[in-house]
Amino acid sequence: MTILITGATGNLGGEVVKHLVGKKLPLRVLVRDLAKATHLKEQGIELTQGDFLHYDTLDAVLQGIEKAFLVTSNDPRQVEMESNFVQAAQRAGVQHIVKLSVMGAELEPALPSTFQQWHRQVEQQIEASGIAWTHLRPNMFMQNMRWFAPAIAQQGAIYSTVGNAKISHVDARDVAAVAAVCLSESGHENKTYTLTGSAAIPFDEVAQKFSQALKRPVTYADVAPADLKAARLANGEPEWYLDAELQLFACWAEGYGSPVTTAIADITHKPATTFDEFAQYYARTHSLDFFNLERVATGFTFLEGPVYNASGDYLLFCDAQGDAIYKLSADDRIDVFRQPARNASGLAFDPQGRLVACENRDRCIARTETDGSITVLADRYEEKRLNSPNDLTIRSDGSIYFTDPPYGLPQMSQGKELDFNGVYKISPDGQLSLQTKDLGLPNGLVFSPDEKRLYINDSATRTIHCFDVNPHGTLTSDRVFAQMTGDSDDWNADGMAIDAKGNVYSAGPKGIWIFSPSGELKDRIYAPEVITNLAWGQGSDRNTLYLTGISSLYRLEYKIS
């Protein structure tokens, strides 16, 4: 039995493929662009190329197919496209079509939604074809929250026209799981399944759940259909689609989207995804959408150490494993600043504008002089080599504070001469002094705006420690300031930054954690990859935040509160 999946490079079809690959069934996928499906070919899946609008290309695609999953993108020619497929399936002797439809299609012509009418037309054609059928009628996909991502990012709001109506949103991944069962098991022929989430909730509750997931305020505002259409037309969306969508919204506003079924649990033997679960997942995986997070550049090996030079209006950052320091100019041009860079990680400018770097290769703190020569400021403590200086910060009097974990050593132990991981100070006269050796893996560090406190991350425990800084620059009164807990072990506490109001920013699990001066968690910025460090960039109000990920440099306009 060979199964054909249409839309296999899309979100829903791709999820169906994942489920069926796990069942080790013979699969064939229909795509228009073979180049976009190379990842499927690498899994041993048979690729075929065709076009719904050219029915003659579908005959070869459907030869030898017993069952098929039919899904097309929203298109004003949707009925023609799917009709071509059904006719080709008849000619090829396909025995079963599982069609993605829409909730409420059975109520035609009572409902005014074009989408429902289109889907019902195709359903009726399949039913009259002599081919066994299964109609999947899902409610609004939770993934359609992408519609609202720009407004959430820019205004902290969700706008729609459905008022207080409740909708039983459904996760597309659950719909895909149902489709996979219907395609791989018998007993679902000539049946219709209405697929919903486990509860119907209004949009103000949707906003609350995204607010909790994003750790930032999100509100819901009901707007007039004409106003919503005008705003989205201005964003370039096609008018035919908006008209059809507003018809569907009108159905929901009348309560037609509120029914809840148990079909997902009945068929897959797993509970439907709750909106809370979805919001947490989606906030993590689509952070670029929700936080105006811009990927400035990518393709690096292991980025670290961003530092902004105000006088030159440029940003430096390191590729620690790629052994280079890069320069991002005001026009977003990226040039190599230095290569090799002795595996530099942390960077900072001293009061004289000289670059100071933590150099992993030579296990030292080094300064670039105005003539371009390099001076090693510290590489040993009590005649023993430092571990591998990782990050640093410089006080206004020129004192350099740096952390010395063993991250740069092979296996974090080979060649280690010190039996602790310290935090050090290099005074303006060049004297090196140990400030503490009580942290497990000291990492990022940053001064409070008045320089009376120094915050230091301990990666071993995911805690931020706060030290008082006496007038001579010595650290005293160590205490735990905050802890980054409650997330999976995808990364540790890492680089740090601070704003003018004393809020502390730390790279940590799943992105950036932001704490008030009292240690209260204020906000989270989720990122699509591990974030190693961060720094404020250009602008008199210092509201541009640069983040270094493992492979990419990101930029974020962040409003300080």
- How many residues, within region 407-428, are modelled with pLDDT of 95 or more, assigned to a loop (DSSP other than H, G, I, E, B) and within 13 Å of PRO442 (Cβ to Cβ)? 3
- Task: Hey, could you check region 217-253 for residues that are touching a residue at least 60 places away in the same chain (Cβ under 8 Å), part of a loop (DSSP other than H, G, I, E, B) and out of contact with any strand residue (DSSP E or B) (no Cβ under 6 Å at 6 or more places or on another chain) and say which is farthest from SER73 (Cα to Cα)?
- Result: PRO217
- Task: Just need a number here: residues in region 92-119 that are surrounded by fewer than 21 Cβ atoms within 10 Å (Cβ to Cβ) and not hydrophobic (A, V, I, L, M, F, W, C).
- Result: 8
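Name the single residue, out of those in region 195-211 being assigned to a helix (DSSP H, G or I) and out of contact with any helix residue (DSSP H, G or I) (no Cβ under 7 Å at 6 or more places or on another chain), that is farthest from ALA132 (Cα to Cα). Step through it out loud before you land on a result.
Taking region 195-211 first, the residues assigned to a helix (DSSP H, G or I) are 203-211.
Pick out the ones that are also out of contact with any helix residue (DSSP H, G or I) (no Cβ under 7 Å at 6 or more places or on another chain) and you get 203-205, 207-208, 211.
On the way: PHE203: 38, ASP204: 41, GLU205: 40, ALA207: 41, GLN208: 43, SER211: 44 Å.
This residue is SER211.
What residue, of LEU70, LEU34, LEU30, LEU58, is surrounded by fewer than 17 Cβ atoms within 10 Å (Cβ to Cβ) and out of contact with any Asp or Glu (no Cβ under 6 Å at 6 or more places or on another chain)? Give the steps one after another, and end with the answer.
Values: LEU70 fails: surrounded by fewer than 17 Cβ atoms within 10 Å (Cβ to Cβ); LEU30 fails: surrounded by fewer than 17 Cβ atoms within 10 Å (Cβ to Cβ); LEU58 fails: surrounded by fewer than 17 Cβ atoms within 10 Å (Cβ to Cβ).
Of LEU70, LEU34, LEU30, LEU58, the one residue that is surrounded by fewer than 17 Cβ atoms within 10 Å (Cβ to Cβ) and out of contact with any Asp or Glu (no Cβ under 6 Å at 6 or more places or on another chain) is LEU34.
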- Filter result for PHE85 (modelled with pLDDT of 95 or more, under 37 Å from the mean Cα position of the chain (by Cα) and farther than 26 Å from ALA200 by Cα): yes
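The rows are residues; the columns are (1) in contact (Cβ under 8 Å) with a residue 60 or more places away in the chain; (2) under 30 Å from GLN154 (Cα atoms); (3) in contact with a helix residue (DSSP H, G or I) (Cβ under 6 Å, 6 or more places away or on another chain).
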{"position": "VAL178", "(1), (2), (3)": "yes, no, yes"}
{"position": "LEU183", "(1), (2), (3)": "yes, no, no"}
{"position": "GLY187", "(1), (2), (3)": "no, no, no"}
{"position": "TYR193", "(1), (2), (3)": "yes, no, yes"}
- When you scan region 500-522, how many residues do you find that are crowded, with 19+ Cβ neighbours inside 10 Å and in contact (Cβ under 8 Å) with a residue 60 or more places away in the chain? 4
- Collect the residues in region 429-450 that are assigned to a strand (DSSP E or B) and either closer than 16 Å to PRO389 by Cα or modelled with pLDDT under 95 (or both), keeping them in residue-number order. LEU432, SER433, LEU434, GLN435, THR436, PRO442, ASN443, GLY444, LEU445, VAL446
- Residue ranges of strands (runs of 3 or more DSSP E) in region 516-561 with at least 1 members modelled with pLDDT of 85 or more and farther than 22 Å from ILE464 by Cβ: 544-549, 552-557
- Task: Look at THR261 and say whether it is in contact with a helix residue (DSSP H, G or I) (Cβ under 7 Å, 6 or more places away or on another chain), among the hydroxyl-bearing types (Ser, Thr, Tyr) and either part of a helix (DSSP H, G or I) or surrounded by 15 or more Cβ atoms within 10 Å (Cβ to Cβ) (or both).
- Result: no
- Item | Neighbours by Cβ (under 6 Å, 6+ apart or cross-chain): first from region 286-305, over 12 Å from TYR526 (Cβ atoms) and touching a residue at least 24 places away in the same chain (Cβ under 8 Å); second of a type in the set (S, T, N, Q) and surrounded by fewer than 16 Cβ atoms within 10 Å (Cβ to Cβ) | THR301/GLN321; PHE302/GLN321
- Item | Of all residues in region 343-384 being in contact with a Cys (Cβ under 9 Å, 6 or more places away or on another chain) and among the charged types (D, E, K, R), the one that is nearest to PHE302 (Cα to Cα) | ASP379
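Condition test on VAL162, is it surrounded by fewer than 23 Cβ atoms within 10 Å (Cβ to Cβ), more than 25 Å from the chain's Cα centre (by Cα) and part of a helix (DSSP H, G or I)? Spell out how you get there, then give the answer.
Details: surrounded by fewer than 23 Cβ atoms within 10 Å (Cβ to Cβ): yes; more than 25 Å from the chain's Cα centre (by Cα): yes; part of a helix (DSSP H, G or I): no.
Against the criterion (surrounded by fewer than 23 Cβ atoms within 10 Å (Cβ to Cβ), more than 25 Å from the chain's Cα centre (by Cα) and part of a helix (DSSP H, G or I)), VAL162 does not qualify.
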- Name the one entry in LEU355, LEU293 that is crowded, with 19+ Cβ neighbours inside 10 Å and at pLDDT 95 or above. LEU355
- Some residue of region 376-389 being under 33 Å from the mean Cα position of the chain (by Cα) and either surrounded by fewer than 22 Cβ atoms within 10 Å (Cβ to Cβ) or of a type in the set (S, T, N, Q) (or both): yes
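The values are calculated or read from the model by the stated rules, or taken from the named source; none is laboratory data. Computed from a predicted structure; not experimentally measured. Cβ coordinates were reconstructed from backbone atoms using ideal geometry, including for glycine residues, and neighbour counts include every protein chain displayed.
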